[in-house]
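Structure first, commentary second.
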Amino acid sequence: MLSRPVAFAQIWKSWFSSHSLLGKKNIILMGPPGAGKTTTGRIVGQKLDCPVIDIDDDVLETTWNMSVSEKLRDVGYEEFLEEEGKALLKFSASGSVISLSGSNPMHAAGMQHIKKNGIVVYLDVPTTVIMSRLKSKQMDRIVGLSPGVSLKDVLQFRKQFYKRWFDIRVLCGGDVEAEVVAEKVIDAVKRYQDSELETFISTRSSRSGRSTEEDSHKLYFSDVVTQGLALDGGLFVPERGLPKFTAEEWQALIEVTYIERAQVILERCIHPADIPASKLAEIVETAYGENFSCSKVAPVRHLAGNQFLLELFHGPTASFKDFALQLVPHLFAYCIPRSCNYLILVATSGDTGSAVLDGFSRLPDTDKQRIALVNFFPEDGVSPIQKSQMIGCQKENAWSVGVKSDFDFCQTAIKQIFTNSDFTGFLTVEYGTALAAANSINWARLLPQIVYHASAYLDLVHQGIISFGSPVDICIPTGNFGNMLAAFYAKMMGIPIRKCICASNENNVLTDFIKTGVYDLRGRKLISSFSPAVDILKSSNLERYLHLIANEDGQLVTQLFNQLENQGHFQLRKDLLGKLQQDLVAGWCSDEDCLAAIHSVYSTTGYILDTHTAVAKVVADRLQDRTCPIIISSTAHYSKFAPAILRALRIAEINQNPLSQLHLLSSYSALPPIHWGLLETLKKTGNGDHQVCAADMSVLMSHIETLIQNHFM
């Protein structure tokens, strides 16, 4: 038995928790008929010890002195909505749990009125579940249901209104008890009201070694999007890790579109204090609504046997980078303060350049005036078509600069510029301009990649290839480790991924590291290959993964990467290598094997792989055990690497003109067809013009200062 002081303390804590959660605000439950709003509302009210109001029973029927179904039958659909809205406009409450009717959100004025003093929680239940529930309850008096209009049509039509008004979404699967839903509602409201829970730390900071000053200066999503790189040279990660989805929550996303999946996943990863759900939905719709040539955005295609391709090249610049870089510019523009100009610095091994240029060029003109971008790429280290793309995608606020070196130099140079406080301080004071990063070192770049790995798994479930919970392997051509890290994050969030297979080309430092635990760059030179996007020796995002498996030991991460920078190598402890090898396996592929794979797949299926996907295909063939499906990330369209593809297809004479190469490829009538956006870009721009500079830090900084002067001053 509890002593009286302890018992009283627990009662007081419970009372204070519930009343401080609500205050004078209402929790407003919204969703389709059959979502369980009334039952859930009663349970939430009991748990919080606060009044419960059901709009149907306690407001509408009391006001009308008749049942809702009778009113609907008497006045008809349109008049019913108007009468319902009028009743809502006269209603007021505070500190209560309110369950709306399924049609309340269709009256704008009524919803604006009730939302002023409440947090709207959307109980998002799959349409098939709602239809089953309504059928079992024999509910046929539903607003909007009429001859020629199906229940499914009504439910789909209403979704636009629910999405317009909600502050918080709670995913509800088919078999989830109302008690569980109520707990999820309370947890979601707590999260909504406390952004302090979702802060970020550097991979090089240690919890035990952090100062009081560091603890007081908390960083949130909007901060890390704009800052890019931590001041200590580390990369930002969420302090409490990523959110977990239950199996029921994932299953609730099986039937929905890619855009809806993206919205749900990103809502859980980005606190509404940083970007409200309604704004985030607008951004996601802008990014993926019209800019991708395939309605499925990231379709999964069966290749052969147990192998499936995740096609990530349907965006405007024909690579997986479009998934992040059609989204991130809008996140960035929303998060940055209006009082400062920003110059985005990017280093690319090929695909990032055109993707980031295209993404930032699509911002509204008002944002372009305060946000500019410079893209550094190895002048002789990308394919001719990639270079043509980067030159062709230059706009009034976005430029490409070729550097007479390799990608590793470009990436290292940007990191050094960010940590050069004298230079960044000078730019801020002299020009009112801050620097930011859009490479995969920026946390926001990783989140959209998590989405497509999760979506690919859900697509296999939806297609009946597997049932939810069955494992899959994932194989990814890997250079900077961002795409692989995103797959691992999807696994941590609840997607049943068994093996993450890293596929390297002859620059196989990652393969060696995963097999031995030794990251060794001594005496190693970058080799130019047919898969240039993974011609990388220093994998930046590996730091985030090592920070994770080292239990967030920032001191160890600092030691490892300082040693890599100063001595060219480091070695993992045995226990960490054991953890790594539980998560990752790796292999590599020669240029010869890459071309042979392209030829073989085309000969047997009529499908053309790009060179990076071919690298992954070769490694998948070698390492998979064929006991479960394997999803191979097809990270770019083959059109971008036309010379290598034509060589793989045994074409003897290859015209050096990129446009001629694409026309030749199009004559094959292969799958997938020539990329629409790439062809149009090359038709419009030809070779174009761009700046080229030496591999020298002072020269790069001079370029940056000149670009700032020309654009912002």
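Taking only region 646-656 into account, find how many residues are open to solvent by less than 70 Å² (accessible area, probe 1.4 Å) and in a loop (DSSP other than H, G, I, E, B).
Residues meeting the conditions: 3.
In region 407-460, how many residues are small (G, A, S) and within 28 Å of K491 (Cβ to Cβ)?
7
Quick one: which of E83, E78 is without any contact (Cβ under 8 Å) to a residue 40 or more places away in the chain and surrounded by 14 or more Cβ atoms within 10 Å (Cβ to Cβ)?
Checking each option against the conditions leaves just E83.
Can you pull out every residue in region 379-402 that is more than 21 Å from F530 (Cβ to Cβ) and out of contact with any His (no Cβ under 9 Å at 6 or more places or on another chain)?
Listed by number, the residues that qualify are G392, C393, K395, A398.
Please give the number of the condition K47 fails out of (1) open to solvent by 60 Å² or more (accessible area, probe 1.4 Å); (2) at pLDDT below 75; (3) in a helix (DSSP H, G or I).
So the condition that K47 fails would be (2).
Does region 574-587 contain any residue that is of a type in the set (D, E), over 28 Å from the mean Cα position of the chain (by Cα) and more than 20 Å from S440 (Cβ to Cβ)?
Yes.
Looking at the structure I just gave you, is L576 open to solvent by less than 50 Å² (accessible area, probe 1.4 Å), among the aliphatic types (A, V, I, L, M) and free of Cβ contacts under 8 Å to residues at least 24 places away in the same chain?
no
Got a sec? Which strands (runs of 3 or more DSSP E) wholly within region 283-381 have at least 2 residues that are open to solvent by less than 10 Å² (accessible area, probe 1.4 Å) and closer than 26 Å to K538 by Cβ?
341-347, 371-378
Given the condition of a type outside the set (G, A, S), open to solvent by 20 Å² or more (accessible area, probe 1.4 Å), in contact (Cβ under 8 Å) with a residue 40 or more places away in the chain and in contact with a strand residue (DSSP E or B) (Cβ under 8 Å, 6 or more places away or on another chain), answer yes or no: does some residue in region 97-116 qualify?
Yes, region 97-116 contains a residue that is of a type outside the set (G, A, S), open to solvent by 20 Å² or more (accessible area, probe 1.4 Å), in contact (Cβ under 8 Å) with a residue 40 or more places away in the chain and in contact with a strand residue (DSSP E or B) (Cβ under 8 Å, 6 or more places away or on another chain).
Which ones in region 658-691 are closer than 30 Å to S702 by Cα, open to solvent by 50 Å² or more (accessible area, probe 1.4 Å) and at pLDDT below 85?
N687, G688, D689, listed by residue number.
Any residue in region 414-421 that is open to solvent by 10 Å² or more (accessible area, probe 1.4 Å), closer than 24 Å to G233 by Cβ and either in contact with a Pro (Cβ under 9 Å, 6 or more places away or on another chain) or not in a helix (DSSP H, G or I) (or both)?
Yes, that holds for at least one residue.
The values are calculated or read from the model by the stated rules, or taken from the named source; none is laboratory data. All values reported here derive from a predicted model rather than from experimental measurement. Virtual Cβ from ideal backbone geometry, glycine too; neighbours counted across all protein chains shown. With ligands, DNA and RNA removed, areas are computed over all heavy atoms of the protein, side chains included. Shrake-Rupley method; radii C 1.70, N 1.55, O 1.52, S 1.80 Å.
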